[in-house]
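The structure appears right after this line, and notes come after that.
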């Protein structure tokens, strides 16, 4: 029975025993002196394993970090009072395009903001052009109704058209001037807010890189320490010439 038990017992070589003494001294009831000696002798195994883990962690750190502002809409609402219907609201919406940006270490913050301003200026010009076209189309419709109303005066039916169209014509320039000014104001606020977001994004990237560099430096200190360990530092040779692990 003892022979059979011995046959199936797991056998460990000397280096395995040393690694266990180095990495798990409590489980193996190893004293401090033997643990130090085991670490020194097994240093290349420990060095390679720790270096592999460090390399894996470094590989997980992205070279570049990206962000984006999604496509959205800006809405402008114009309020006015009418003689018969009271207060009314007319709204128009304008597209704001997506904006993507990338940084490696936050050093290109000003360049990103400059590109953002260029992109938003393009969006603003496009929105203003859309508003101007809408104004022209609406002015043409109102003019047509006024002409029809004048012609219809001879048949009395043109009076309602004139009652509606003339106030619209008077209000048209004021309404679109409001749209133009409101769009410029909203885009200015948008650029300010998005620029602040980019600054915060770049600042967080700098902090992230600094924190990783600090931890990575500690890993190198450990590797340097392990590499310089020597087993004979923990072996004391007394007068009797008998080697003792201290």
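Going through region 95-121 one residue at a time, which ones are over 14 Å from residue 188 (Cβ atoms), touching a residue at least 24 places away in the same chain (Cβ under 8 Å) and more than 19 Å from the chain's Cα centre (by Cα)? Passing the criteria: only 95.
May I ask you to list the residues in region 96-108 that are assigned to a strand (DSSP E or B) and touching a helix residue (DSSP H, G or I) at 6+ places or on another chain (Cβ under 7 Å)? Before you say what the answer is, go through the steps one by one.
Within region 96-108, the first condition is being assigned to a strand (DSSP E or B), and the residues that meet it are 96, 99-103.
Across region 96-108, the qualifying residues are 96, 99, 101, 103.
Within region 67-81, the set of residues being in contact (Cβ under 8 Å) with a residue 60 or more places away in the chain and either under 26 Å from the mean Cα position of the chain (by Cα) or exposed (fewer than 12 other Cβ atoms within 10 Å of the Cβ) (or both) comprises 67, 69, 74. Would you call residue 168 within 20 Å of residue 90 (Cβ to Cβ), part of a helix (DSSP H, G or I), assigned by TED's automatic domain parsing to the domain that holds residue 89 and modelled with pLDDT of 85 or more? No. Could you check, for region 58-80, whether at least one of its residues is more than 30 Å from residue 230 (Cβ to Cβ), outside the structural domain of residue 197 (by TED's automatic domain parsing) and at pLDDT below 65? The answer is no, given that none of the residues of region 58-80 is more than 30 Å from residue 230 (Cβ to Cβ), outside the structural domain of residue 197 (by TED's automatic domain parsing) and at pLDDT below 65. Residues of region 219-232 that are within 33 Å of the chain's Cα centre (by Cα) and exposed (fewer than 11 other Cβ atoms within 10 Å of the Cβ): 221 alone.
The values are calculated or read from the model by the stated rules, or taken from the named source; none is laboratory data. Predicted model only: the values in this text are computed from it and were never measured. Using ideal geometry, Cβ is built from the backbone for each residue, glycine included, and neighbour counts are taken over all protein chains shown.
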